[in-house]
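Engineer: The structure's right below; bear with me while I get my questions together.
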Amino acid sequence: MRVYVPLTLAGLAEAHTKGELGPGPLTAYGVTPSLREWYVSDDLEELEYAALSRAAAASLRLIAGDPGAARRRVVVAADVADRDAVADPDRALDASSLGELRIATAVPLRLAAAVHVDSDDALDDVSAAVDALGAADHGDEDARFTVDGAEDHELLWYGVQEIPAIVTEA
């Protein structure tokens, strides 16, 4: 199963140093039954993009939780055994947990397929979204619009071998 693990740039640097994403348990995103039902699509590529987008939103929350974090969303796509990525059946109908999975143990970085990172063009919008996240969570429509501004930016695709360059540029 392809999973999308949200990180910060510092988290990516740590994963690169340790050779693994973790420690477990990890929160990741993937094509779960609830995500399929919500998006009403059978197109796997479209569903994987939705899972990647959910992970990017989770990365934004990680950045918001660390005032010193670089203002770039980071998501690592990795391939894990289906049995290792478990959706919480009690949260299947919770829209905030669509596509959410738990992985009990660290994921070796050798299982990573790609890294997705914001471009320089997204930095101002990501920074504004981080600042507006709390108000958006409390129903402020202007703040929600600001958060959506970050979501309008596509994450760039990088090969795993490019991680050293990504973490040194940050």
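The values are calculated or read from the model by the stated rules, or taken from the named source; none is laboratory data. Quick caveat, the model's predicted, so the values are computed rather than measured. When we count neighbours, we look across all protein chains shown, and the Cβ atoms used for this are built from the backbone with ideal geometry, even at glycine. In case anyone asks, the SASA skips ligands and DNA or RNA and just uses the protein heavy atoms, side chains included. Shrake-Rupley method; radii C 1.70, N 1.55, O 1.52, S 1.80 Å.
Engineer: Within the accessible area of the chain, what % is carbon and sulfur when the probe is 1.4 Å and the other protein chains stay in place?
Structural biologist: Of all accessible area on the chain, carbon and sulfur atoms account for 51 percent.
Engineer: Which listed residue (ALA50, VAL115, ALA104) has the Cα farthest towards the positive end of the charge dipole for the chain, taking +1 on Lys and Arg C-beta and -1 on Asp and Glu C-beta about the Cα centre?
Structural biologist: Farthest along the dipole direction, towards plus: ALA104.
Engineer: Moving on to the next point. Counting only other residues whose beta carbon sits under 15 Å from that of ASP66, what net charge do I get with K and R as +1, D and E as -1?
Structural biologist: That works out to +2.
Engineer: Then there is this: Taking 7 Å along the Cα-to-C-beta vector as the label spot, tell me the GLU45-LYS18 distance in nanometres, rounded to one decimal.
Structural biologist: The two pseudo-label positions are separated by 3.5 nm.
Engineer: Stretch VAL86-PHE145 to full length: gain in nm at 0.36 nm per residue minus the Cα-Cα span?
Structural biologist: Fully extending the segment from VAL86 to PHE145 adds 18.0 nm.
Engineer: Please compute the net charge surrounding ALA15, taking Lys and Arg as +1 and Asp and Glu as -1 over other residues with Cβ under 14 Å from its Cβ.
Structural biologist: -1
Engineer: Given contacts defined as C-alpha pairs under 8 Å and at least six residues apart, what's the relative contact order of the chain, whole-number percent?
Structural biologist: 29 percent
Engineer: Taking the Cα centre of the stretch 1-52 as origin and charging only Cβ (+1 Lys, Arg; -1 Asp, Glu), how large is the dipole, in debye to the nearest 20?
Structural biologist: I would put it at about 280 debye.
Engineer: Further question on the same structure: Run the dipole for the stretch 1-139 about the Cα centre, Lys and Arg Cβ at +1, Asp and Glu Cβ at -1, nothing else charged, and hand back the magnitude in debye, nearest 20.
Structural biologist: Approximately 460 debye in magnitude.
Engineer: Can you check what the net charge comes to around ALA28, using other residues whose Cβ is under 13 Å from the Cβ of ALA28 (Lys, Arg +1; Asp, Glu -1)?
Structural biologist: Here the charged neighbours net out to -3.
Engineer: What number comes out for accessible area per residue over the chain if the probe is 1.4 Å? Units Å², please.
Structural biologist: Heavy-atom SASA per residue in the chain reads 53 Å².
Engineer: Relative contact order of the stretch 106-164, please, whole-number percent, based on alpha carbon pairs below 8 angstrom and at least 6 residues apart.
Structural biologist: 47 percent
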